[in-house]
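See below for the structure under consideration.
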Amino acid sequence: MSSWNYRTCPTTGFKVHNKAETLIQFNAVTSIVFLLVGGIVGLTLALTRWQAVHLLNDEWFYRFLSLHGIAMLVAWIVFFEMAVLYFASAVILNSRLAAPWVGWLQYLLMLVGGALVAVMILTGNADVMFTSYVPLKAHHLYYLGIILFAVGAILGCVVFFATLVVAKHEKTYTGSLPLVTFGAAAAAIIAIITLSAGAIVFIPTWLWAAGIIPVMDSEVYRLLFWGFGHSSQQINVAAMVSIWYLLATLTVGAVPLNEKVCRTAFVLYILFICIASEHHLLVDPGFSAAHKTWNTGYFMHLAVLASMIHAFSVPAATEVALRKQGHTRGAFEWLKKAPWGNPGFSSLVLSVVGFGFLGGITGVIYGTEQINIIAHNNLRIPGHFHATVVAGTTMAFMGITWYMLPLMFRRQVVAPKLASLQPWLFGGGMMMFSTAMMFAGGFGVSRRSWDMNGVDGPFQVNFGPIVDLSLAVMGISGVVAALGGAIFCLLAVATLLFGKKVNA
Amino acid sequence: MSVTSPQPGWWNSPLHKEEKIWITIAAVWCVFITLAMPWWHIFGTQNSSQEYYTINPDDYGTVVDKFIEQYTVGEEAGIPVVAPPAGAEIFLRGQQWMWDPILKLKKGETYRLHLSSMDVLHAMSIYPINMNFEVVPGWDYVLTLTPTTSGEFNIICNEFCGIGHHSMIGKIYVES
Ligand code: HEM
Ligand SMILES: [Cu+2]
Ligand SMILES: [Cu+2]
């Protein structure tokens, strides 16, 4: 091992392998490009669902909705997670990245797969939403794109685990894995399980679309799809929680209160969440109630327990760290004196609140067998997951980016004032947006519908003024959130291009 | 620090009192909500149905056609209106992009409603009571239902089913 391919980070003291660094940079930049595309598209969707504005026509609404789901939930999140995996292995463990060429293969496969999917959608060959429920059929290259993307992501996980082995073997750290790396390992294990399930469902679907397999059963597809689709959301949860711990350490120097508790909670994610996926099928034929309640009750709530533990651990560690800094007066001085102007810190808080309260609680409620009858496929559902995956996961990923820029790209963030405003616009806007959606959903407004009033239909439906108001609130807060998202993307790019170099 | 290896012996370091309390509360809560699921199912009065059969879409179509022929009382917007007798097996068919027939039911009577699709996935959302069920090709999903309010209800398609999805609106009448 020659020393020329390492540098020592002046801020953190990590030894950074240049090949790991380059891969982190490529994955992170690509993810932000997808976020930008998905955000612009998301804005047009919000301005269409706001019935008074109704921006897009029906064809482009459905096309953009498919694109938004893929660009955001799949491309933005997973590319960023690849960067997180390489960071949590090579950088945190001061190790070289194992087999960087496999990392490049990961990047290329995901890029080609993602581009193929996007092209298929934009050319009108895949108006099927990201769920692509059969027998709605897209061009077979669409499914191929998804498969390539998934294989790429699996390779990223392989590189991650290989790097853990290398680091152990070359003794770049002593003792147990740091908590952030442990959490990332949980995410990577869940990823390998769920991406394999994804292959089980997408490979036959691809062959079916290509005309090789004659029929696919819709209900079996739904079961397998969500077996993959929901558990893959737990990759995001585990990655997000690791980042919560990382942000708590970077922003206020928090130390996990009890390593055993935090790690056990991560293990609960691995053990149980992969199985709980049938809350998507609660009002479907094909499964008995006993099966549904067991799956969504027992398995899901053990994972909920894990989240509740983290939701205590992270704020508690933050409080302890702030009190250690001398903010000990009264019950709340630590809270008042917290670094609210630091976008990393405010992102952390907003992410915990958005994910835990708004997203987590509504998820448990809507996932109940009986309540699901009044929530299934109406706007309550996108309301719920814009709280989890956007106000929660996306907010956390944005927060850590403010640290990635100086640490991994060696650039000082331009316009720090604007950066400290950004989390409030994005997180605040998104929570409002989610709440308004759930509100409209309560009146029965469907998700994925270009026009709720039934124009062109045999009958018209009138939802009344309260729904109009909620959709207007949804539209306006969607604009605010999109503004926050745009500021994030622009500052990130401007920092890369014009940010002051951090001296090595 | 979450980015450095924990102190040796971390596994045996004791929990703080607050942590123990919180974990206990969380665990009890999770047990409670888990038990609430079967509890509601057994003692609640409204569950999602457990009755379903597999069926070939063409066969389902034939059954629905026969049902319509037997009980048609009129037509609205080009869709047949049927008035089946109380207690009958009644059928609703989803296809791109319409629901047929229009059902005329009696308040307080119990019916067995069959749901299936002729082509892709659809979902039935009953407006304004906001009750939602998936309508799946190849599966005959049977709901036992007793209308408790009279009036006019719409059926809104709730599962993306192609470009005409939003126009897929049907109707149910409940007479007192
Ligand atoms: C400014 C930011 C955003 C805005 C304004 C926005 C807006 C919207 C709107 C209006 C819908 C359509 C809801 C419906 O009619 O069913 C939607 C769907 C969706 N959004 Fe977002 N969104 C944003 C960010 C995100 C992010 C960051 C993610 C993921 C990480 C995301 C994931 C999704 C998904 C998965 C869907 C469902 C697509 C489908 O039904 O197939 N969104 N979004
Ligand atoms: Cu439909
Ligand atoms: Cu539809």
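Numbers for the structure displayed
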{"quantity": "Some residue of region A:294-311 being modelled with pLDDT under 90 and β-branched (Val, Ile, Thr)", "calculated": "yes"}
{"quantity": "Restricting region A:1-59 to residues that are of a type in the set (Lys, Arg) and surrounded by 16 or more Cβ atoms within 10 Å (Cβ to Cβ), the residue that is modelled with the lowest pLDDT", "calculated": "A:Lys15"}
{"quantity": "Residue list for region A:329-388, filter: charged (D, E, K, R), closer than 27 Å to B:Asn47 by Cβ and either open to solvent by less than 30 Å² (accessible area, probe 1.4 Å) or part of a loop (DSSP other than H, G, I, E, B) (or both)", "calculated": "A:Glu369"}
{"quantity": "Residue in region A:414-423 that is open to solvent by 10 Å² or more (accessible area, probe 1.4 Å), more than 10 Å from chain B (Cβ to nearest Cβ) and outside any helix (DSSP H, G or I) present", "calculated": "yes"}
{"quantity": "Tally, over region B:73-88, of residues that are in a strand (DSSP E or B) and farther than 10 Å from B:Lys104 by Cα", "calculated": "5"}
{"quantity": "Unique match (being under 18 Å from the mean Cα position of the chain (by Cα), crowded, with 18+ Cβ neighbours inside 10 Å and either among the hydrophobic types (A, V, I, L, M, F, W, C) or not in a helix (DSSP H, G or I) (or both)) among A:Val78, A:Val117", "calculated": "A:Val78"}
{"quantity": "Hits in region A:254-280 (condition: in contact (Cβ under 8 Å) with a residue 60 or more places away in the chain, more than 7 Å from every other protein chain (Cβ to nearest Cβ) and not hydroxyl-bearing (Ser, Thr, Tyr))", "calculated": "A:Ala254, A:Cys262, A:Arg263, A:Phe266, A:Val267, A:Ile270, A:Ile273, A:Cys274, A:His279"}
{"quantity": "B:Val120 being among the aliphatic types (A, V, I, L, M), more than 7 Å from chain A (Cβ to nearest Cβ) and crowded, with 18+ Cβ neighbours inside 10 Å", "calculated": "no"}
{"quantity": "Subset of region A:488-498 that is away from ligand 1 (no atom under 11 Å from the Cβ) and in contact (Cβ under 8 Å) with a residue 12 or more places away in the chain - its residue that is most open to solvent (accessible area, probe 1.4 Å)", "calculated": "A:Phe498"}
{"quantity": "Some residue of region A:442-457 being closer than 28 Å to A:Glu21 by Cα and open to solvent by 20 Å² or more (accessible area, probe 1.4 Å)", "calculated": "no"}
{"quantity": "Enumerated strands (runs of 3 or more DSSP E) restricted to region B:115-174, each holding at least 3 residues that are over 20 Å from A:Thr131 (Cβ atoms)", "calculated": "B:139-145, B:151-157"}
{"quantity": "Matching residues in region B:38-72 - criterion: being assigned to a helix (DSSP H, G or I), touching a residue at least 24 places away in the same chain (Cβ under 8 Å) and open to solvent by less than 50 Å² (accessible area, probe 1.4 Å)", "calculated": "B:Pro57, B:Tyr60, B:Gly61, B:Val64, B:Phe67, B:Ile68"}
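One line per residue, one yes/no per condition, for (1) without any contact (Cβ under 8 Å) to a residue 24 or more places away in the chain; (2) open to solvent by less than 10 Å² (accessible area, probe 1.4 Å); (3) facing chain A (nearest Cβ under 10 Å):
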{"residue": "B:Pro101", "(1), (2), (3)": "no, yes, no"}
{"residue": "B:Thr110", "(1), (2), (3)": "no, no, no"}
{"residue": "B:Met124", "(1), (2), (3)": "no, yes, yes"}
{"residue": "B:Pro137", "(1), (2), (3)": "no, no, yes"}
{"residue": "B:Val142", "(1), (2), (3)": "no, yes, yes"}
{"residue": "B:Leu145", "(1), (2), (3)": "no, no, no"}
{"residue": "B:Asn154", "(1), (2), (3)": "no, no, yes"}
{"residue": "B:Asn158", "(1), (2), (3)": "no, yes, yes"}
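The values are calculated or read from the model by the stated rules, or taken from the named source; none is laboratory data. Computed from a predicted structure; not experimentally measured. Reconstructed Cβ throughout: ideal geometry from the backbone, glycine too, with neighbour counts over all protein chains shown. Areas reflect the complete protein model, heavy atoms only, side chains present, ligands, DNA and RNA absent. Shrake-Rupley method; radii C 1.70, N 1.55, O 1.52, S 1.80 Å.
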